[in-house]
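J.: Dropping the structure in here first, questions after.
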Amino acid sequence: EKLGVRTLRTSTTWTTGTKTFEGVLARDVMAAAGAKGTEVRAVALNDYAVAIPLADFERYDVLLAFRMDGQDLTPRDKGPLWVVYPRDAHRELVDAKFDARWAWQLKRLEVK
């Protein structure tokens, strides 16, 4: 949270209506870590893994969300962290290709 908490209102494929997410910008996490590369591999608690182009974090305000509608995310509701794209702000994000990048129950990011 020391990186600055941001708020994002957007719909998702997995929830009803527009939700309010709070978290940190993925680009800020990458900058703070000194990450260099072209791709981030997001790995979930269940070992689901997806490759996310690092350019997504620069182009879009992608959040590593830890709250939804004022409630802390837990593993039962896609927490402790959920990769959240601002899909309502960018028509191109309403696509299965981007939906696959919404890794939830995030346990680590690997920069390649």
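J.: Considering only the stretch 75-108, state which residues are within 16 Å of residue 30 (Cβ to Cβ) and without any contact (Cβ under 8 Å) to a residue 60 or more places away in the chain.
T.: 81, 83, 101
J.: If you don't mind, there's one more thing I want to ask. Of everything in the stretch 26-50, what is under 17 Å from residue 84 (Cβ atoms) and in contact with a Lys or Arg (Cβ under 6 Å, 6 or more places away or on another chain)? Give them in sequence order.
T.: Within the stretch 26-50, 43, 45, 50 meet the criteria.
J.: Oh, and also: Anything in the stretch 79-108 that is more than 11 Å from the chain's Cα centre (by Cα) and open to solvent by 50 Å² or more (accessible area, probe 1.4 Å)? List them, or say none.
T.: 80, 88, 89, 90, 91, 92, 94, 95, 96, 97, 107, 108
J.: Select from the stretch 7-40 the residues that are part of a strand (DSSP E or B) and surrounded by 15 or more Cβ atoms within 10 Å (Cβ to Cβ) and list them in ascending order.
T.: Of everything in the stretch 7-40, those that are part of a strand (DSSP E or B) and surrounded by 15 or more Cβ atoms within 10 Å (Cβ to Cβ) turn out to be 8, 10, 19, 21, 22, 23, 24, 25, 40.
J.: Given the structure, is residue 56 farther than 19 Å from residue 1 by Cβ, in a helix (DSSP H, G or I), among the charged types (D, E, K, R) and within 11 Å of the chain's Cα centre (by Cα)?
T.: yes
J.: Restricting to the stretch 28-48, name every residue that is touching a residue at least 24 places away in the same chain (Cβ under 8 Å) and farther than 20 Å from residue 3 by Cβ.
T.: Within the stretch 28-48, 38, 39, 41, 43, 44, 45, 46, 48 qualify.
J.: Please go through the stretch 52-61 and give me each residue that is open to solvent by 60 Å² or more (accessible area, probe 1.4 Å) and either aliphatic (A, V, I, L, M) or within 10 Å of residue 103 (Cα to Cα) (or both), ordered by number.
T.: Hit for the stretch 52-61 is 55, nothing else.
J.: Kindly evaluate residue 49 against the criterion of being of a type in the set (Gly, Ala, Ser), surrounded by 12 or more Cβ atoms within 10 Å (Cβ to Cβ), out of contact with any His (no Cβ under 9 Å at 6 or more places or on another chain) and over 21 Å from residue 89 (Cα atoms).
T.: yes
J.: If you don't mind, another one. If we scan the stretch 61-74, do we find a residue that is out of contact with any Gly (no Cβ under 9 Å at 6 or more places or on another chain), without any contact (Cβ under 8 Å) to a residue 40 or more places away in the chain and of a type in the set (Asp, Glu)?
T.: No, because not a single residue in the stretch 61-74 is out of contact with any Gly (no Cβ under 9 Å at 6 or more places or on another chain), without any contact (Cβ under 8 Å) to a residue 40 or more places away in the chain and of a type in the set (Asp, Glu).
J.: Please go through the stretch 62-78 and give me each residue that is open to solvent by 60 Å² or more (accessible area, probe 1.4 Å) and in contact with a strand residue (DSSP E or B) (Cβ under 6 Å, 6 or more places away or on another chain), ordered by number.
T.: 69
The values are calculated or read from the model by the stated rules, or taken from the named source; none is laboratory data. Please read all numbers here as calculations on a predicted model, not as lab measurements. When we count neighbours, we look across all protein chains shown, and the Cβ atoms used for this are built from the backbone with ideal geometry, even at glycine. Side chains are part of the model used for accessible areas, which takes the heavy atoms of the whole protein and leaves out ligands, DNA and RNA. Shrake-Rupley method; radii C 1.70, N 1.55, O 1.52, S 1.80 Å.
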